[in-house]
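The values are calculated or read from the model by the stated rules, or taken from the named source; none is laboratory data. Just so it is clear, the model here is predicted, and its values are computed rather than measured. Glycine gets a Cβ as well: all are built from the backbone with ideal geometry, and neighbour counts include every protein chain shown. Note: accessible area is taken over every heavy atom of the protein model, side chains too, but ligands, DNA and RNA are not part of it. Shrake-Rupley method; radii C 1.70, N 1.55, O 1.52, S 1.80 Å.
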Amino acid sequence: MTEQDPLAGQPEAKGPEASAEKPVRHGPPIVVAEEQLNERGEQTAEQLARTLGALALDAAGRDDTPWARVDASQLHRAAEKCRDGEMGMDMLNLMLAVDWVDRIQMIYVLYSTTNNRKAILKADLPAEAPKISSVTDLWEAGSWYEREAHDLFGVEFPGNSDMSPLLLYEGFEGHPGLKSYPLNDYEEW
Amino acid sequence: MAVDANNGAQNLPLFVPQKWEREEGGRFFHTGEGGDDSLGKGNHPAPNRINNVAPGVITAKLDDLIAMGRSNSLWTLTFGLACCAIEMISTHMAHHDFDRFGIVTWPSPRQADVMIIAGTVVKKMAEPIRLLYEQMPDPKWVIAMGTCATSGGPYYRSYSVVMGVDHIIPVDIYVPGCPPRPEALMDAFLKLQTKIKSDAKNHQIDDLSEHTAAASVAEVTSATATVEESA
Amino acid sequence: MSTGPQFDSVDMMLNMGPQHPATHGVFRMVLTVDGERVVDVTPHIGYLHRGTERLAEVESYGQVITLFDRVDYISNLNNELAFVRAGEKIMEVDAPERAQYIRVILAELNRVASHLLFIGTYAIDLGAMTPVMYCFRERERIENLFEHVTGARMMHNYMRIGGVKSDVPDDFVPWVHRLIGDVRKGVEETDKLLSTNEVFLGRTRGVGIIDGPMAVSCGLSGPSLRGSGIAYDVRKDDPYEIYPYLNYKVPVGENGDCWDRYYLRVLECYESLSMIEQCLNQLPDGPIMAAGRRIARPPAGEVFSHSENPRGDLGVYLISDGSDKPYRVKIRPPSFCNLIGLRPMTIGSYIADAVAILGSLDIVLGEVDR
Ligand code: SF4
C-alpha cells in the first residue's frame, strides 16, 4: 500500500515448497568469533605442540587455553603424553561430549596443578556408534564422566569396566543429551 | 476450735450434685442461670450442664479430640529432595522455629505423619518416594512444597522430571513458590491442621478408599516410553 | 597357634539412602562391610538428575541464569556468577567495575552462608545439635540482606551478562557492615563451641584421609583438595573479577582428613568476611550494566571459564552457534568430582565414619546430578 511495507525487508514467506529446501535462516548473519591466544596461552600452546608432535591434527585456542584435535584412536596416547610429559596435566578438569549432529565431539579439559596451566584435547567420533578408549587408567575422575557421557550420548568407552547407568535409571531408552531426543511440551501423564 | 483448712476461702466445689431429685419438666440436674436452652454468644459458650455437676471436665466428640491431638503433633519425615529442602530446614531452625506448632522431623517413615515433598521429583526417585509413602502408617498427609513438586516447575520440559508428585502419591496441600518462603510452609501446615479438624467433623478421616494413588510407578515409566515412541 | 573353632566371615551389604538424613539429599551408597570395617563402597547418584544441561539448550542466555540458580542451591549467587562470566567471555563484554564489586560482595556473602550451612549440618551428622541453630541464625541474617538486595531469599536471578539487574539499595553499605559484625561473632561462637571439642576431634581427626596425588587424580577441588595440602584456588590461580585487588589468604590443610576439610571452611568464612569489608571500602560509583543489546547473539565459538564455588572449581563450557540460545552448556560440577573421592577415602574406615567422611565433602545433590 505505502512505501513502508512492514514486510519489505524480510525474506519471502515460506510456502510448502520452500520448506523442502534448505531451511531459511532468519535474523542477523552468524558471526564466528576470532580465536586468539594471549601470551600465556601461546606458551602453553607451544608446550602442547611439542608434547603431541605429529599427533595433533589441528590446533588453536582462546585466551589462555589452547586446544588440539587428535584422532580418536590416538586420544589415549595423547592424553598419556600430556599427563606424563613436561606439561604434567595431573587433573582431568572436565570432560564432555558435544552432539554436532553429523559427529560427536569429545572434549577433555586438562589442568596441571603444578604448572597452573590448562589445555584442551578434542576428538571427533562418528555419530553412529561412537566409541573411544577410556582414560580411567590415567585419571580416576574419568570413570564418572565417561559413565555420564555413556548415559546421555551413548558413547562407548572400551577400557572402563563399570558402564552401568549413572544419572539415568536402568531401562531408560534413548540418549537424552542428543539433539534428536525430544523435550516434552507440557502434557499430563 | 475448728480451723478452716482453706483459711477462710470458699470450699472447693465438690463433684457431687447437690440435688438428685428430678425437677418438674423432667430435668435431672440443676442448670445454671438461663437454663440449658440459652445459647452461647461470641466467645462465651452456652453453659454446659455437665459443668455444674463436674466443673473442670471437658466434653467433646472423640473424633474431635483425636483430630486435635493429631493436628497438633504432626511429625514430618526428614526428607529433602532439592532446593526447597533448604527452606524447609530453615523453617525448622531457630529463627522460624517450627517446633512451636508441634512439628518435629523424624528420620523414619514408620513414625511419621506428614511427608513434605520438598523439591523436584525425578523419575529415578519416583519408586523410592512411593515406597516411603507406603511405609508411613495411617493417617498420613502429603504436602507438595514448591512448583516442582506441584507441577514440574522450571523443569517441565525435562525428560527426567515427574510433572508433579501427585502422579505418584495423593497430595493434600500444594504450596506455590520457587522456593516457598518459610512462612508459606507454615501457612500450609495451618491449612493442614484445619483440614484434619474439618475432616474429623465430616467423618472423612481414615477413608482409605479415596486415598488410592493416581498411577503406579511402573505405569508412569511405561507412559514415558510411549511418549518417546510417538515423538 | 590357635586351636579354637574357625569361623568364615561373610561380607555384608548395607544400603544407605536415597532417603537418609545424613546423606544431605537424595544420595545413595551401598557399603560392603566386614564387621565394622568398610570394604567397598558404591555410590549411586542420579536421584536428582533434572536435565539442566539439556534444558539450557532451549532457553535464551538470559533464561539460563535461572537454571544456574538451581544447580547448586546453597550458593546460588556463585553459580550465577560462573555462568554470567562465561556468557561475558563469549559475548566479549565486560561488566563495569561497580557491578563486579557488587557481584563479589554478594558471592562472598553467599560463600559464608554456604559454609555456615555446612558447619551446622556436619555438626548434626556427628551428633552435635546446637551449632546448627547458631549457623542458621547467621544464615538467616544473610538471607535477609539478599532479599533486600535481590528480592529473593534463594533464587535471586540477580546477575546479568554484562552487569547486575539493579543497583544496590542506599542502605546497602551500612547494612553489610553491620551484618559482617554479627556474622563474624556468630562464626566465632560456633568455632569456639565445635572446632576443638574433644568428641568432635575424636570423630574427625585422622578419619577419611586422602593424599594429594590421589585427590588431584579424582579431580577434587575447593576445600576438599586444599585439605590435602594442594593450594589450588581459582581466585588465586586464574584471577577473575576484582579478586586481584583484594588482600586475602587461601588456607591450606596438611593431613587431608575430615577435620582439615572442616576447619578450612571455618577459616574461609573469616577470610571472606574480611574480603567483603575491603570491597565495601573500595566500592566505586558508576554504571552497573555494560551498554549493549538486551537480547544478545554471541558470535559462534566456544569458551571455558571457571570460578571458585564454596565447593570448589565450578567450570562452565559454553558453545555458541551464533543464535540466541547456547548450543551446549556443560557444567563442571565440583561436588560431582569431590564425590569420586569418596571411595578411596571410605575404604578401610569404620561404618560410623562413612557419615563423617561424606559430610566433610559437603556435596550438594543438585550439582552432582544436575
Ligand atoms: S520449586 Fe524451585 S526451589 Fe523448589 S525444588 Fe523446584 S526449582 Fe528448587
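What to note about this one:
- Other protein chain C-beta atoms within 10 Å of residue C-beta, averaged over C:132-141: 4.
- For the pair A and C, total buried accessible area rounded to nearest 100 Å², probe 1.4 Å: 4000 Å²
- Extension gain from C:Q63 to C:V30, taking 0.36 nm per residue of separation minus the Cα-Cα distance: 8.1 nm
- Charging the Cβ of each Asp and Glu at -1 and of each Lys and Arg at +1, and nothing else, the dipole of the range A:32-129 about its Cα centre rounds to 260 debye.
- Here is the tail figure for the range C:1-99: Cα pairs spaced more than 15 Å apart come to 75 percent of all pairs.
- Between the helical axis of C:130-150 and the longest alpha-carbon principal axis of chain C there is an angle of about 20 degrees.
- Whole-Å semi-axes of the ellipsoid equivalent to the range C:212-337 (Cα gyration tensor, √5λ, descending): 31, 23, 10
- Computed over the alpha carbons of the range B:85-173, Rg followed by Dmax gives 13.5, 41 Å.
- FRET efficiency for B:N72 and C:L280, using Cβ-Cβ distance with R0 set to 30 Å, rounded to 0.05: 0.05
- With respect to chain C, whose longest principal axis is taken over its alpha-carbon atoms, helix C:258-282 is tilted by about 10°.
- Cα-Cα P(r), the range B:138-193, percent of pairs per 5 Å interval: 5, 21, 27, 22, 16, 7, 3, 0
- Nearest-0.05 FRET efficiency for A:A49 and A:K131, computed from C-beta distance (R0 25 Å): 0.40
- The phi-based Karplus calculation (6.51 cos²θ - 1.76 cosθ + 1.60; θ = phi - 60°) puts the 3J(HN,Hα) values of the range A:91-99 at 10, 8, 6, 7, 9, 9, 10, 10, 9 Hz, whole numbers, x for Gly and Pro.
- Projecting label points 7 angstrom from Cα along Cα→Cβ for C:V199 and C:R178 puts them 3.7 nm apart.
- Each Cα pair under 8 Å and six or more residues apart adds its sequence gap; the mean of these over the residue count of the range A:91-131 is a relative contact order of 36 percent.
- Helix-derived mean residue ellipticity, 222 nm - over chain C, DSSP H n ≥ 4, -39500 (n - 2.57), to 500: -15000 deg cm²/dmol
- Computed label-point distance, nm, for sites B:E183 and C:F7 using a 7 Å Cα→Cβ extension: 6.0 nm
- Contact order relative to length of chain C, as percent, for alpha carbon pairs under 8 angstrom and 6 or more apart: 26 percent
- Degrees between helix C:172-194 axis and first principal axis of chain C (Cα, 0 to 90, nearest 10): 10 degrees
- When every Cα-Cα distance of the range C:52-333 is counted in 10 angstrom steps from zero, the calculated P(r) takes the values 7, 28, 35, 22, 7, 1 percent.
- Computed over the range A:32-129, the convex hull of the alpha-carbon atoms projects to a mean area of 6.3 nm².
- Equivalent ellipsoid dimensions for the range C:91-169 as semi-axes, Å, which come from the Cα gyration tensor, largest first: 31, 13, 9
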